[in-house]
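Written out below as structure tokens is the structure these notes cover.
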Amino acid sequence: MKVKLNLLIVFFLFLSCSNDSAVNEELANLEYHLNQFITLDGVPVNAGLVQKNNIEGNKLVFAFSDSHCLDCISKNMQVLSQIIKEKLFLKTDIILVSNFKDSRLLRSFIYRFNLDGIVIIPYAGKVIEIEDSLFDQPTFFYLKTDQASAHFLYQPTLFTTKFSDLYLRSIAKKFKRSK
């Protein structure tokens with residue numbers, strides 16, 4: 001519990017560095033739901049995943065499996081699609097790591113939410129190097145490739161799409177580009 005609280009404080013500090021006070025205010029109003037917002041930070045990512053796929057630069061990763069809640073995956077892909085439409089992310093900023101046995105189902109998600117052009121890595125192994133079953137649901141995280149580590153981990157559900165939107169808007173600031 002103490003680790004979770006410290007991580008929430010780190011996340012709020014991350015958000016407070018932004019100029020978007022509306023996001024900060026919204027998160028403050030919804031604080032009681034944050035117990036699932038960020039679970040861990042700075043955990044190792046499977047180095048083979050990063051090296052084998054020649055991933056360069058920091059990325060937003062959405063890792064999911066066909067054994068996860070398919071409606072959760074669908075809803076969060078919809079949120080991701082909207083954020084891309086608003087040009088907060090380039091498709092090159094995002095990687096989808098999936099463990100789908102039915103490639104047609106995955107392609108239908110990609111087509112339905114106009115996510116073509118995003119790197120999709122089929123991966124049946126363990127993405128995050130931890131021992132417990134924390135990642136038995138879809139997970140977003142900010143990948144620092146130089147350290148092969150996952151930061152700002154967030155596990156969305158079917159009913160937390162508002163948090164997914166806030167999370168993605170906050171992470172998008174890590175990808176700010178000069179205009």
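Please treat every number below as a calculation from the coordinates, not as lab data. No experiment lies behind these values; they were computed from the predicted model shown. In this analysis, Cβ positions are derived from the backbone assuming ideal geometry, glycine residues included, and neighbour counts consider all displayed protein chains.
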Handout entry: q = 0.10, 0.11, 0.14 Å⁻¹, region 39-175: log10 I(q)/I(0) [Debye, one scatterer per Cα]
Key = -0.28, -0.34, -0.57
Exercise for the section: Would you grab the residues whose amide H sits under 5 Å from the one on Tyr123? Only those 5+ places off in sequence or on another chain, please, with H modelled 1.01 Å from N. Expected result: Ser98, Asn99, Phe100
Completion exercise
Going residue by residue through region 91-105, the Karplus relation 6.51 cos²θ - 1.76 cosθ + 1.60 with θ = phi - 60° gives ³J(HN,Hα) values, rounded to whole Hz and with x marking Gly or Pro, of 5, 6, 7, 10, 10, 9, 10, 10, 10, 10, 6, 9, 5, 5, 5
Fill in the blank from the handout: Lys and Arg at +1, Asp and Glu at -1: neighbours of Lys91 with Cβ under 12 Å from its Cβ sum to +1
Fill in the blank from the handout: If amide H atoms are modeled at 1.01 Å from N in the peptide plane, then the residues at a separation of 5 or more from Val45, or on another chain, having amide H under 5 Å from its own are Glu129, Ser149, Ala150
Problem - Two-decimal log10 I(q)/I(0) for region 63-105, as the Debye equation yields it once each C-alpha is a single scatterer, q = 0.21, 0.22, 0.24, 0.31 Å⁻¹ - result: -0.75, -0.81, -0.90, -1.12
Fill in the blank from the handout: If amide H atoms are modeled at 1.01 Å from N in the peptide plane, then the residues at a separation of 5 or more from Leu88, or on another chain, having amide H under 5 Å from its own are none
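For Ser103 and Lys91 in one chain, what is 0.36 nm times their gap in residues minus the Cα-Cα distance, to one decimal in nm? All intermediate terms of the calculation are to be shown ahead of the outcome.
Working: separation 12, 0.36 × 12 = 4.32 nm, distance 2.02 nm.
Using 0.36 nm per residue and subtracting the Cα-Cα distance, I get 2.3 nm.
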Handout entry: Potential extension, Ala124-Thr157 segment - 0.36 nm per residue separation minus Cα distance
Key = 9.8 nm
Exercise for the section: Pairs to check: Lys126/Lys173; Lys52/Lys85; Lys144/Lys174; Lys87/Lys126; Lys75/Lys126. Give those whose C-alpha atoms are more than 19 Å from each other in this structure. Expected result: Lys126/Lys173; Lys52/Lys85; Lys87/Lys126; Lys75/Lys126
